[in-house]
């Protein structure tokens, strides 16, 4: 029993961290226009480094590692606020692989195809109403719910309408899923529970967002001075930072546990995936909000990077079902072991 | 428009404050045995000073003042943790007065009769299940709900069973209201809305509890030293105290407003009474909890008076319907003016 | 304690309500740019032309000279009529103007007051500096006296709408040798002065609309006669307006937020159906906010009651700290109620925009942490810890 | 990262489960008094007699000498079997005993270790003083060397169950001239020593059961050989046990609390009927706690994983701060779910009792405020502010 990365796993973390630090510093989001899907230019390199098929079996063209490694990598994606299109591409490859479409699978694993993400608009728009994330140039769109995961061609959606995204660096559209359209490929929950994996990985991603906000706040508290001292020396600020660290720790531990339970094929897999998403999204939202407060007026501007963490934390929270839905879900599971 | 007491009103506050400081210091609750109903020995004196008929019209044997004065006095009752039997006696006199039973009214106004308080056990026990507070030696018991306020003889209750009270200085019993028993007197909501007054006064009482806890914490923070300084000089403690002050201010303002609106016979009377109870009970519970934390291990003992505030705050919260019920109620009112 | 208004007050309320209902702008206020400036000035002009401008300003300076109760009535009716919040006029009407009224020379009054009231000039504030946020008095922008001019060099930050403003109330250090509260002067600064350079700062709620500017002064020259009060006495001048706005204007915010909570109750019922009840998690939060908004409004009445009796202004921190947090909770709940649609920030709906803006309510005009210090030390008498 | 256990570990788990299921006391643990002492000693003796005592103690001192993973397994099974928490044995098993193991003389080990393990003697702690709570090192209880004895005068407070204890681990100041961390000694103190006087202190959750005592030492004499480690080196002796209990025992609390949340879900459904759903305010809090308790348990596993790799013990503050707060929220929700019945504190039901007790979880073993300081300074590296 060990929740810490092994040295092999740590090496993977170091690799992706170095790569993202160089290729995708959070400052990239400051340049308007160079937004969202621009992260797609990283895809071929990430694919080449093997990150797209990390947890797919080797016979499916993957690297054959486990959910644990994938969790660690998504944590870094969150930390660097990589476009959530990464979920479309990596989970899309998994859908293709388990549906048996090797051709599509390999196209996705190469990082050349783009996959957007569909998210139900829920109470707002009826069962056929969706938001499409980062889908304007995507050939395929991932739609993943409790029953199955599927890739639809963009043409399966109608009434597509571009809207202002709260997280302004992301491309957002409203759309409806056409009547009686069929996905390009689909995988039922019984074959492979891609929905549980999506929730688990979103927990990891949100964990990373919260850690990014925590580190940004701590760094600022160390250098910003008021009344002749670094503001981090005042308990009012220090204790805000401590609370951020506590939340990140809870999210980290649960994300790690959820990944291990998934690898174990435990019946509690979904329970722990949902718990991880709940705890991690809360850590992301609260840490981002606290990070604004620690930065004062600066944190409220579009110049500080803080707002990117805040907005992305809400995207993470609402993708694959918001808190209200996850709470409903977690109460349906039997008592975990 | 003025939310502050006039000089006449301030004089009433000073009188009751002096009286309670001398006759009912909170330290009295430390002596086990000398509990609860022992406050009943104050009743004749309070009656003589006119506090029992403060807001009853002169032609009903009262002093003819308004809900505002009554609110100010109940704030002091809360501050000194006077037994909640005070609600039974003062509201009981009102029930007797408005039902036209002058004989009973005068008996109650003299402070010689004892009146307990019945509180629905709600979801726990069905509609006929009650808790009786401070009713073991009471001739009458006040039962007050949305429709009417009534005084029942103790004999109207069956299955009376003494139970341990969470607020251990109070006498608590479980009981059922007998089938087809009639109250001694009753007043419908249309004649006089005693239920709204009970909620308003409980808001004032809870406000007082929260202020008592706040003052106790501030005093301790000024004298208790750690690391060579009064603990109140550390932001961690100072800001807890500030939050207590903010809550008490909110509760004070709403309690004052609720009393004035009631005197105005505004259609928003119930709305503001409920709002006052919600805000004030929250201030009482949270201030008491914070007061424990400020006191550290000492606050957790039965030697400090803190726990009396905590326990009484929960009594205030649950009497005449807990938070869940008040929230239901407040959403039923139309938008206030 | 008294809720009553006199017959004259009630008459005033009727008149205010009637005028407001007939004249309030129906168009939505733009979120930025020249359109916003024009909107705000036009609305101020509309009020001025009809004799409804400057409710708290003395009559001799063109104001209405209303007592606190009448101001309260005015702002209540203002909010009930859904009158727009003319933010751009705020600094002129509530800080710059009142400071000149309190401490300005006759000449300064003559020149600067009417344009504020009549909706001709927008004022902004130049107080905060990059390294002096919560610690305002440690400001470093220098002003050297050169003949009958001040030569100003330095920088100010967090100047809301500076790029849309005509004038600025500016605090500068005129005596660097004096203790930090002593060597400061309060200056009327024309935003067209050569040597001023502005750097726009966008805010997170509307990343494409400049909200703040940072001001850079490079030997910008201001006539010495633009100093209000004495040179080096600017700290006391700045403090003199702190008490001017005695909380009456806050009532509009409380009433607006109370309306918003009512809207949210409606929206939640539309969205979550008839089965939506108070025991629902959203219902519980809505119920709580209904109660809290009632209290916030009562706190504002209390602030006015205290102001009438000249009670310590530190007490107002209690209201500000509470209201800032409640407003944030209201906006967050609004954002939560719309669920997945919170991911959109449409141009024609303000719920997400104002959710993001609400992060300012615990930062602007003294962070919540500073408010708590003030409450702890000045209201409760706890010892200073620094 | 790995969840797997070896075949031997799984075998150990089976054996532990079997023994616990057969032997766990079924009677409810009394809340105080001699009954509680007897109950705890009897349960400790039961474990000892069967060879299941001292899971973390080295074999040479009669313990089981289990590695961290086995300890974890033991405590998991312990909680699953609803085994009682023998609080009275806690100080001996987890502080006093381990300190003697780490720093005691052979004679001290021989005399004191076995009675702890075998359920003969109860130990208590004498660290805190009336004026040294969070600031432990400023303790003032004096001990003067007189021949081969220490003569102790002073007072200790917050000694849990001191009136039910046989022995005390006691910190005294043996050199008042030295810097505050230097002149302290760690002493084995017999609670039957003349000159010791106890004042009972009741706690709010059970006002009629003494929980703490205050100890008054009036020239109480202790053999010098009862000093563990060197005279004046007591601070380092006290610190040496901080790391001994590496978090494995916490797993029982997490599992217990997770069970409690499950009970609460059931109770809420019974009480509020079939219409009770996750969107209910209580449902939302229950759902959140189900997730948070999962995380709390994972944090405990992480603490053990870190301990295996000797990561800084300051990291454990993260878990302690989180768990203390979550436990408080669990107990508060339990108290809220029972509604009006929370006004009763019956002898045969613990929900209210433990709600009140939960106020200790953010106070005991370092207040939440002190934990946050430690996290801010030692985990995050923020500057000290004092």
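Here are a few things to note about the model shown:
- For the stretch A:269-294, the tally of residues that are surrounded by fewer than 24 Cβ atoms within 10 Å (Cβ to Cβ), within 9 Å of another protein chain (Cβ to nearest Cβ) and either part of a loop (DSSP other than H, G, I, E, B) or in contact (Cβ under 8 Å) with a residue 24 or more places away in the chain (or both) stands at 2.
- Flag not set for residue C:75, criterion: over 24 Å from residue C:240 (Cβ atoms) and either touching a residue at least 40 places away in the same chain (Cβ under 8 Å) or in contact with a helix residue (DSSP H, G or I) (Cβ under 6 Å, 6 or more places away or on another chain) (or both).
Rundown of residues vs (1) over 30 Å from residue C:45 (Cα atoms); (2) in a helix (DSSP H, G or I); (3) within 22 Å of the chain's Cα centre (by Cα); (4) without any contact (Cβ under 8 Å) to a residue 60 or more places away in the chain, yes/no style:
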site: C:113; (1), (2), (3), (4): no, yes, yes, yes
site: C:125; (1), (2), (3), (4): no, no, yes, yes
site: C:134; (1), (2), (3), (4): yes, no, yes, no
site: C:145; (1), (2), (3), (4): yes, no, no, no
site: C:158; (1), (2), (3), (4): no, no, yes, yes
site: C:170; (1), (2), (3), (4): no, no, yes, yes
site: C:198; (1), (2), (3), (4): no, no, yes, yes
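- With a requirement of 3 or more residues that are within 14 Å of chain C (Cβ to nearest Cβ) and more than 14 Å from residue B:50 (Cα to Cα), the helices (runs of 4 or more DSSP H) lying completely within the stretch B:65-125 that satisfy it span B:67-79.
- Residue identified as under 16 Å from the mean Cα position of the chain (by Cα) and on the phi > 0 side of the Ramachandran plot among B:72, B:81, B:132: B:81
- Filtered residues of the stretch B:128-183 (kept if buried (at least 24 other Cβ atoms within 10 Å of the Cβ), more than 12 Å from chain D (Cβ to nearest Cβ) and part of a loop (DSSP other than H, G, I, E, B)): B:134, B:135, B:138
- Every test in (1) over 15 Å from residue C:188 (Cα atoms); (2) at pLDDT 95 or above; (3) part of a strand (DSSP E or B) is passed by residue C:163 save one, and that test is (3).
- Residue list for the stretch C:262-284, restricted to those being within 9 Å of chain B (Cβ to nearest Cβ) and farther than 17 Å from residue A:328 by Cβ: C:262, C:265, C:278
- Test: residue in the stretch B:216-226 that is at the interface with chain C (Cβ under 8 Å from one of its Cβ atoms), buried (at least 22 other Cβ atoms within 10 Å of the Cβ) and under 23 Å from residue B:10 (Cβ atoms): yes
- Only one entry of C:119, C:133, C:154, C:104 meets the criterion of being within 14 Å of another protein chain (Cβ to nearest Cβ) and either buried (at least 23 other Cβ atoms within 10 Å of the Cβ) or within 28 Å of residue C:37 (Cβ to Cβ) (or both), and that entry is C:133.
- None of C:220, C:249, C:206, C:238 is away from chain B (no Cβ under 11 Å), closer than 25 Å to residue C:90 by Cβ and over 23 Å from the mean Cα position of the chain (by Cα) except C:220.
- Of residues in the stretch A:239-268 being within 7 Å of chain D (Cβ to nearest Cβ), more than 18 Å from residue A:72 (Cα to Cα) and without any contact (Cβ under 8 Å) to a residue 12 or more places away in the chain, the one surrounded by the most Cβ atoms within 10 Å (Cβ to Cβ): A:242
- Filter result for residue B:317 (surrounded by fewer than 24 Cβ atoms within 10 Å (Cβ to Cβ), more than 8 Å from every other protein chain (Cβ to nearest Cβ) and part of a helix (DSSP H, G or I)): no
- Some residue of the stretch A:302-314 being part of a helix (DSSP H, G or I), within 11 Å of chain C (Cβ to nearest Cβ), free of Cβ contacts under 8 Å to residues at least 24 places away in the same chain and in contact with a strand residue (DSSP E or B) (Cβ under 7 Å, 6 or more places away or on another chain): no
- Options D:256, D:221, D:271, D:285: the member that is free of Cβ contacts under 8 Å to residues at least 60 places away in the same chain and either touching a helix residue (DSSP H, G or I) at 6+ places or on another chain (Cβ under 8 Å) or not in a helix (DSSP H, G or I) (or both): D:285
- Lone qualifier among D:263, D:233 - being in contact (Cβ under 8 Å) with a residue 12 or more places away in the chain and on the phi < 0 side of the Ramachandran plot: D:233
- Residue C:251 being buried (at least 23 other Cβ atoms within 10 Å of the Cβ), touching a residue at least 24 places away in the same chain (Cβ under 8 Å) and in a helix (DSSP H, G or I): yes
- Looking across the stretch C:3-23, not a single residue is under 20 Å from residue C:94 (Cβ atoms) and out of contact with any helix residue (DSSP H, G or I) (no Cβ under 6 Å at 6 or more places or on another chain).
- Number of the condition not met by residue C:272 [criteria: (1) surrounded by 18 or more Cβ atoms within 10 Å (Cβ to Cβ); (2) at pLDDT 95 or above]: (2)
- Residue check for residue B:53: outside the structural domain of residue B:214 (by TED's automatic domain parsing), in contact (Cβ under 8 Å) with a residue 40 or more places away in the chain and either assigned to a loop (DSSP other than H, G, I, E, B) or under 20 Å from residue B:143 (Cβ atoms) (or both): yes
The values are calculated or read from the model by the stated rules, or taken from the named source; none is laboratory data. Being a predicted model, the structure only gives us computed values, none of them experimental. Glycine gets a Cβ as well: all are built from the backbone with ideal geometry, and neighbour counts include every protein chain shown.
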